[in-house]
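Structure first, commentary second.
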C-alpha cells in the first residue's frame, strides 16, 4: 500500500499521509508521495481544492522520520526535501490542511503551508526542532500569520499548543470534533468550489503579497550552522537510541 494516497471526491482532492503506525512521519516514501500528489493536483482539472490530511486519529504528521535521519546522518535538508507551498512548489489552487492529530515539526510545516486549516479538537501543534537540535527555517513566514511573540514561544520552547489555542492565535480557521473533521473540510472546499475560479486564485495571490519571500533565504542562512552542528546529529541519534540528548553547543 502507498504511504500517500490521492482521491477526488466531488471536485475535492484528498491527499492523505497513510502511515499511522509511524505517526505519519516524513520518511522518503511519504515525502515523494507528497510531491507526486501535489504535482498531480496541479494538473488535475477534475479537482479545484486540495485537502491534506493524515490517516488515523493520533497524528496528522509528527514530522521528519528521526530514525531515518540518524541512519543517513542528514545535515542540511535538500531544497526538495518536502513540498513547501509558495517556496519550492507553486500551487495556484486553494489548499486546506485537515489536522486529525499532532502536527509537529514537519507536520506543522505542512499545516502552515496550506492556505486554510481545520483541526480536530484533540489536535496539537508544535515546532519541536529545538528538542532534537534540528532547524526550522521554514517557520520564517510564521510571524506574518500569528503574533510574533506566539511564534517565538513555539520556536524556543518546542512545547505543543492545543487546537483551541491555535485557533485563538489565528493559525487554525476552525476546530471541530474529530468525527466531523472530514465533512467540515469537504464543506469548506465545496463552498470555495462554488465561487468563480479566477476570483479565488486571485484572492490567494493577493493574500500572499503580504509575505516577504526574501525571508526564506535569510532563514536558510541563519539555520545552516545549526543543521551542520554536532548537536543536529546528536538529537536524532538520541531519539533512535531512546535516551536524552547530550548537547555540546557546537
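The values are calculated or read from the model by the stated rules, or taken from the named source; none is laboratory data. Quick caveat: nothing in here was measured; it's all calculated off a predicted structure. Note that each Cβ is placed from the backbone with ideal geometry, even for glycine, and that neighbours are counted across all protein chains shown.
Numerical summary
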{"quantity": "The range 237-250, residues that are assigned to a loop (DSSP other than H, G, I, E, B) and in contact (Cβ under 8 Å) with a residue 12 or more places away in the chain", "calculated": "245, 246, 247, 248, 249, 250"}
{"quantity": "Members of the range 105-149 that are over 27 Å from residue 205 (Cβ atoms), in a strand (DSSP E or B) and in contact with a helix residue (DSSP H, G or I) (Cβ under 6 Å, 6 or more places away or on another chain)", "calculated": "120"}
{"quantity": "Index of the failed condition, residue 210 passing every other in (1) part of a helix (DSSP H, G or I); (2) farther than 30 Å from residue 66 by Cβ; (3) under 21 Å from the mean Cα position of the chain (by Cα)", "calculated": "(1)"}
{"quantity": "Index of the failed condition, residue 120 passing every other in (1) crowded, with 20+ Cβ neighbours inside 10 Å; (2) free of Cβ contacts under 8 Å to residues at least 12 places away in the same chain", "calculated": "(2)"}
{"quantity": "Tabulated pairs, the range 142-154, first at pLDDT 95 or above, second assigned to a helix (DSSP H, G or I) and loosely packed, with under 15 Cβ neighbours inside 10 Å, C-beta under 8 angstrom, 6+ apart or interchain", "calculated": "none"}
{"quantity": "Identity of the residue in the range 66-104, in contact (Cβ under 8 Å) with a residue 60 or more places away in the chain and assigned to a strand (DSSP E or B), that ends up farthest from residue 240 (Cα to Cα)", "calculated": "94"}
{"quantity": "Qualifying positions in the range 37-64 - farther than 18 Å from residue 226 by Cα and in a loop (DSSP other than H, G, I, E, B)", "calculated": "43, 44, 45, 46, 47, 48, 55, 56, 57, 58, 62"}
{"quantity": "Any hit, the range 189-204, residues being surrounded by 14 or more Cβ atoms within 10 Å (Cβ to Cβ), assigned to a helix (DSSP H, G or I), modelled with pLDDT of 95 or more and touching a helix residue (DSSP H, G or I) at 6+ places or on another chain (Cβ under 8 Å)", "calculated": "yes"}
{"quantity": "Search result, residues across the range 222-236 that are more than 21 Å from the chain's Cα centre (by Cα) and either modelled with pLDDT of 95 or more or part of a helix (DSSP H, G or I) (or both)", "calculated": "225, 230, 231, 233, 234"}
